[in-house]
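For reference, the structure is listed below as structure tokens.
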Amino acid sequence: SRVRHYKFNYPGPTIVAREDDTLLVKVVNHVKYNLSIHWHGIRQIRTGWSDGPAYITQCPIQPGQTYTYNFTLTGQRGTLFYHAHILWLRATLHGALIILPKLGVPYPFPKPHKENVLVLGEWWKSDVEAVINEAMKSGLAPNVSDAHTINGYPGLIHKNCNSQGKKYMLRIINAALNEELFFKIANHHLTVVEVDATYVKPFKTDTIVISPGQTTNVIIEANNKAGKYLVVVSPFMDAPVPVDNVTGLAAVRYTTSHPTTLSTTLTAPPPINATEVADNFTNVLRALNSKEYPAKVPQQVDHSLLFAVGLGVNPCKTCVNGSRLVASINNVTFVMPNISLLQAHYSNISGVFTADFPAKPPTPFNYTGNQVTNLNTTTGTRVYKLPYNATVQLVLQDTAMIAPENHPFHLHGFNFFVVGKGLGNYNPKTDPKNFNLVDPVERNTIGVPSGGWVAIRFRADNPGVWFLHCHLEIHTTWGLKMAFLVENGKGPNESLIKPPRDFPKC
Ligand code: C2O
């Protein structure tokens with residue numbers, strides 16, 4: 001019922017909607033690149049045509065063209081975001097998407113005095129498309145970003161909105177391309193109440209870790225003396241070669257006295273490889289699992305999958321070393337098709353993909369040892385087919401084929417439950433005994449620990465084609481991605497709807 005027009009901003013405008021609203025977002029492509037927009041974390045039940053990843057669910061919107069995304073916010077409330085889902089354009093094209101609870105439905109925690117959105121980003125001084133194109137030509141890793149931004153600013157900014165004694169909710173979004181991030185505020189506890197638009201059992205922490213694609217709502221209490229308190233945003237990377245040490249800074253200011261008379265309380269970011277700080281945060285996350293918001297964890301598993309994820313090296317005649325970095329899942333480096341998988345599936349167009357994605361890695365090997373096995377990957381556009389409503393357990397196992405590294409994996413079209421996590425090689429006999437099937441946290445993006453594994457479960461109750469990929473954009477570019485194809489069900493509301501009339505053509 002409301003129409004709003006937005007022009008370019010960085011980050012983009014915050015969209016505020018309510019649970020059960022239908023959003024119609026008309027995107028007019030005014031840039032020189034092909035474009036598509038993904039509504040990260042929105043379930044898109046039966047509306048895969050509006051999900052957005054280019055060549056997975058749609059052909060791009062070409063320069064000068066328009067497309068209206070049309071979807072309903074069913075059964076979800078919280079902080080999510082939208083971003084371009086083609087090339088590296090999400091570096092600058094992203095913004096917050098906030099879903100308020102239905103009218104009259106309170107938060108399951110005391111209402112904060114005010115709410116603020118904090119979008120964390122990454123900035124390159126040069127054109128990001130030039131950065132990634134150069135890297136793809138050379139076969140080597142791209143340049144790291146020059147700055148971390150907070151609501152678009154790289155340096156010291158002040159949040160003026162706090163007044164003493166009150167509680168504020170911060171809706172924090174990691175929209176960075178390639179960096180997992182630590183976030184902390186000097187002298188303030190952060191009470192975590194929600195992640196990825198799902199409520200969690202509230203807990204206090206000094207530092208949160210947030211991966212690209214993740215969102216976290218925290219409540220802070222302005223209960224110190226009047227002053228300025230430093231906010232730090234710094235990279236977390238548990239890999240042998242940490243490269244980026246740039247810290248983004250902001251400050252929270254209490255407005256009880258004149259700012260120039262206030263001193264700033266400082267705080268230091270954790271070291272870049274502070275895995276224990278990250279674990280202290282992720283290990284305590286639990287679904288709220290209340291009467292109103294029960295955790296519907298699948299107790300039985302129809303499809304049990306093991307995906308080995310990591311980097312590899314493939315031959316490349318034109319590259320500087322004669323080889324290029326690639327990434328793979330079960331040794332398959334995903335190749336993007338020329339038309340969208342969803343269209344090919346819906347219209348029965350053959351030759352676009354094969355439905356034979358391997359359920360397990362090719363040969364059993366020591367994933368986390370330093371063996372150089374299967375370093376060369378195969379290539380293909382392969383999807384894994386699931387019947388409607390099948391339950392899936394997916395173990396994502398990091399490999400050390402080149403080097404162990406954290407991988408924040410994002411699944412489109414679903415939330416999943418994080419039922420287990422461990423270091424070393426996953427053991428299918430003993431590890432499931434320790435799974436949490438009662439109140440595991442529910443998310444849409446989860447970090448696969450460096451040299452370890454994580455187990456997730458979900459119910460395939462959304463027909464369509466759904467992308468699964470590492471949300472570190474460089475890894476996606478290198479091929480760390482695949483897709484699930486969920487078939488239509490037999491019931492009246494269990495099949496994909498028709499594509500919209502203005503659906504972009506390739
Ligand atoms: Cu936020 Cu497929 O991405």
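The values are calculated or read from the model by the stated rules, or taken from the named source; none is laboratory data. The model shown is predicted, which means the values in this text are computed figures rather than measured ones. Heads up, the Cβs are rebuilt from the backbone with ideal geometry, glycines too, and the neighbour counts pull from every protein chain shown.
Is one or more of the residues making up the range 19-27 touching a Lys or Arg at 6+ places or on another chain (Cβ under 7 Å) and in contact (Cβ under 8 Å) with a residue 60 or more places away in the chain?
To start, the set of residues in the range 19-27 that are touching a Lys or Arg at 6+ places or on another chain (Cβ under 7 Å) comprises 19-20.
Add one more test, that the residue is in contact (Cβ under 8 Å) with a residue 60 or more places away in the chain, and what stays is 19-20.
The answer is yes, given that some residue of the range 19-27 is touching a Lys or Arg at 6+ places or on another chain (Cβ under 7 Å) and in contact (Cβ under 8 Å) with a residue 60 or more places away in the chain.
Please go through the range 93-135 and give me each residue that is modelled with pLDDT of 95 or more and hydroxyl-bearing (Ser, Thr, Tyr), ordered by number.
Tyr107
Can you report the number of residues in the range 110-124 which are of a type in the set (D, E, K, R) and within 24 Å of the chain's Cα centre (by Cα)?
Going residue by residue through the range 110-124, those that are of a type in the set (D, E, K, R) are 111, 114-115, 122.
Right, trim to within 24 Å of the chain's Cα centre (by Cα) and you get 115, 122.
The qualifying residues number 2.
Read through the list (1) within 13 Å of the chain's Cα centre (by Cα); (2) over 22 Å from Ser145 (Cβ atoms); (3) among the polar types (S, T, N, Q), then give the number of the only condition that Thr476 fails.
(2)
Are there strands (runs of 3 or more DSSP E) fully within the range 373-466 with at least 1 residues that are in contact with a His (Cβ under 6 Å, 6 or more places away or on another chain)? List them. Let's see the steps before the verdict.
Values: elements: 378-380, 383-386, 391-398, 407-411, 416-423, 445-448, 452-459.
Because the criterion is at least 1 residues that are in contact with a His (Cβ under 6 Å, 6 or more places away or on another chain), the strands (runs of 3 or more DSSP E) in the range 373-466 that meet it are 391-398, 407-411, 445-448.
Quick one: how many residues across the range 475-503 are more than 19 Å from Ala308 (Cβ to Cβ) and either in contact with a helix residue (DSSP H, G or I) (Cβ under 7 Å, 6 or more places away or on another chain) or surrounded by fewer than 23 Cβ atoms within 10 Å (Cβ to Cβ) (or both)? So that I can check it myself, show each step before the final result.
Applying the first criterion (more than 19 Å from Ala308 (Cβ to Cβ)) to the range 475-503 yields 477, 485-503.
From what's left, either in contact with a helix residue (DSSP H, G or I) (Cβ under 7 Å, 6 or more places away or on another chain) or surrounded by fewer than 23 Cβ atoms within 10 Å (Cβ to Cβ) (or both): 477, 485, 487-503.
Number satisfying all stated conditions: 19.
Identify the residue in the range 452-489 that is more than 27 Å from Asn389 (Cβ to Cβ) and either among the hydroxyl-bearing types (Ser, Thr, Tyr) or more than 16 Å from the ligand (Cβ to nearest atom) (or both) and, among all such residues, is modelled with the lowest pLDDT.
The selected residue is Gly452.
Within the group Val418, Val383, Val441, Val395, which residue is within 29 Å of Leu177 (Cβ to Cβ), within 16 Å of the ligand (Cβ to nearest atom), β-branched (Val, Ile, Thr) and within 25 Å of the chain's Cα centre (by Cα)? Show your work before the answer.
Numbers: Val418 fails: within 16 Å of the ligand (Cβ to nearest atom); Val441 fails: within 16 Å of the ligand (Cβ to nearest atom); Val395 fails: within 16 Å of the ligand (Cβ to nearest atom).
The unique qualifying residue is Val383.
Determine which member of the set Gly139, Gly121 is touching a Gly at 6+ places or on another chain (Cβ under 9 Å), closer than 20 Å to Val326 by Cβ and in the same structural domain as Val195 (by TED's automatic domain parsing). I'd like the intermediate steps shown before the answer.
On the way: Gly121 fails: closer than 20 Å to Val326 by Cβ.
When all the criteria are applied, what remains is Gly139.
Could you give every pair whose Cβ atoms fall below 9 Å, whose first residue belongs to the range 361-377 and is modelled with pLDDT under 75, and whose second residue is surrounded by fewer than 13 Cβ atoms within 10 Å (Cβ to Cβ), counting only separations of at least 6 or pairs across chains?
Short answer, once both residue conditions are applied: Thr373/Thr363; Thr373/Asn366; Asn374/Thr363.
Give the residue that is surrounded by the fewest Cβ atoms within 10 Å (Cβ to Cβ), with candidates limited to residues of the range 66-99 that are away from the ligand (no atom under 13 Å from the Cβ), β-branched (Val, Ile, Thr) and not in a strand (DSSP E or B).
Once the filter is applied, the top-ranked residue is Thr74.
Kindly evaluate Trp49 against the criterion of being within 22 Å of Cys506 (Cα to Cα) and more than 17 Å from the chain's Cα centre (by Cα).
yes
For Lys360, state whether it is under 23 Å from the mean Cα position of the chain (by Cα), of a type in the set (Lys, Arg) and in the same structural domain as Gly422 (by TED's automatic domain parsing). Steps first, please.
Numbers: under 23 Å from the mean Cα position of the chain (by Cα): no; of a type in the set (Lys, Arg): yes; in the same structural domain as Gly422 (by TED's automatic domain parsing): yes.
Against the criterion (under 23 Å from the mean Cα position of the chain (by Cα), of a type in the set (Lys, Arg) and in the same structural domain as Gly422 (by TED's automatic domain parsing)), Lys360 does not qualify.
Quick one: which residue in Asn187, Asn223, Asn178 is assigned to a loop (DSSP other than H, G, I, E, B) and in contact with a helix residue (DSSP H, G or I) (Cβ under 6 Å, 6 or more places away or on another chain)? Explain how you work it out, then say what you get.
Details: Asn187 fails: in contact with a helix residue (DSSP H, G or I) (Cβ under 6 Å, 6 or more places away or on another chain); Asn223 fails: in contact with a helix residue (DSSP H, G or I) (Cβ under 6 Å, 6 or more places away or on another chain).
Of Asn187, Asn223, Asn178, the one residue that is assigned to a loop (DSSP other than H, G, I, E, B) and in contact with a helix residue (DSSP H, G or I) (Cβ under 6 Å, 6 or more places away or on another chain) is Asn178.
Find all pairs meeting these conditions: Cβ atoms under 6 angstrom apart; at least six residues apart or on different chains; first residue within the range 39-66 and charged (D, E, K, R); second residue modelled with pLDDT of 95 or more and more than 16 Å from the ligand (Cβ to nearest atom).
Cβ pairs passing all conditions: Arg46/Leu496; Arg46/Ile497.
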